[in-house]
Each structure stands twice: as C-alpha cells, then as structure tokens.
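The values are calculated or read from the model by the stated rules, or taken from the named source; none is laboratory data. Source: prediction; values computed, not measured. FYI the Cβ positions are ideal-geometry reconstructions off the backbone, even for glycines, and counts take in every protein chain you see. Side chains are part of the model used for accessible areas, which takes the heavy atoms of the whole protein and leaves out ligands, DNA and RNA. Shrake-Rupley method; radii C 1.70, N 1.55, O 1.52, S 1.80 Å.
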Amino acid sequence: MTKKIEIFAVNEDTKEIIKLLKIPDWDYLWQGQYINTLPVIIPKGSTIYCNVVIDNTADNPTQPNSPVRDVFYNTNSSDEMLVLVLLTKPYKEGDSQLQVAKFLK
C-alpha cells in the first residue's frame, strides 16, 4: 500500500524544483482528486516526477495477501495501482492571476 507520495517538476534550464503535491503520510483510502487553488506554472521542457513509497510487506496491517505475494501494475484492486493524471493547458499572459472556481474546491 502507498505510504507516501510526492509529485514535482524539474525545470530543464534552471534545475529548479517545482512542488506539485506532497503527502508524507498517505492513507490508501484518500484516493481522489487534488486541485490547486492557483495555477502552477511549469516551464516548457520541464520533467515531471512522481515518487511513491509502497509497502507490500507482511508488516503492513492492510496487506491483503497472506502470504505476501509479488504484485505488478494493473487496474485490478488486487494489483499495484498508481495513476497520475495532470490536467494542463498552455500558459497565457495573466493565467497566474486566475483562481480555481469555488465549486471545484
């Protein structure tokens, strides 16, 4: 099960790290959508990373397999699942001043 998750971009030119999401103590039942209240500007050419720590050991009380077995990526809930979807759009002057609509919060 996922223990923590961190999503960030690295600017190709400046090597600056642009933080997008960090949850140091993830709860498997928190799956859902996370929406920033202000746009995050990621420069063209940046690389986006998703670092996740997953605990599939017998020490994990929510481990569904006893005995523990190897799992692989798939869309079944009995398999390891990690899907990162980022909704993006090209930057236009003034976008950094926009706020997400209240009904999306």
Selection from region 83-105 of residues that are surrounded by 10 or more Cβ atoms within 10 Å (Cβ to Cβ) and either assigned to a strand (DSSP E or B) or at pLDDT below 75 (or both): Ser96, Leu98, Gln99, Val100
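Tell me which residues, restricted to region 64-82, are hydroxyl-bearing (Ser, Thr, Tyr), part of a loop (DSSP other than H, G, I, E, B) and open to solvent by 100 Å² or more (accessible area, probe 1.4 Å). Before you say what the answer is, go through the steps one by one.
To start, the set of residues in region 64-82 that are hydroxyl-bearing (Ser, Thr, Tyr) comprises 66, 73, 75, 77-78.
Of the ones still in play, those that are also part of a loop (DSSP other than H, G, I, E, B) are 66, 75, 77-78.
Hits for region 64-82 are Ser66, Thr75.
Name the residue, out of Ile41, Ile5, that is at pLDDT 85 or above, of a type in the set (Val, Ile, Thr) and open to solvent by 80 Å² or more (accessible area, probe 1.4 Å).
Numbers: Ile5 fails: open to solvent by 80 Å² or more (accessible area, probe 1.4 Å).
Only one candidate passes the filter, namely Ile41.
Output the number of residues of region 15-27 satisfying the condition of being open to solvent by 80 Å² or more (accessible area, probe 1.4 Å) and either of a type in the set (Lys, Arg) or in contact (Cβ under 8 Å) with a residue 24 or more places away in the chain (or both).
Of all residues in region 15-27, those open to solvent by 80 Å² or more (accessible area, probe 1.4 Å) come to 15-17, 19, 22, 24-25.
From what is left, the residues that are either of a type in the set (Lys, Arg) or in contact (Cβ under 8 Å) with a residue 24 or more places away in the chain (or both) are 15, 19, 22.
Here the count works out to 3.
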In region 57-100, the residues that are under 26 Å from Asn36 (Cα atoms) and touching a Leu at 6+ places or on another chain (Cβ under 9 Å): Leu86, Ser96, Gln97, Leu98, Gln99, Val100
Residue list for region 30-73, filter: of a type in the set (A, V, I, L, M) and touching a Lys or Arg at 6+ places or on another chain (Cβ under 9 Å): Ile35, Val40, Val52, Val53, Ile54
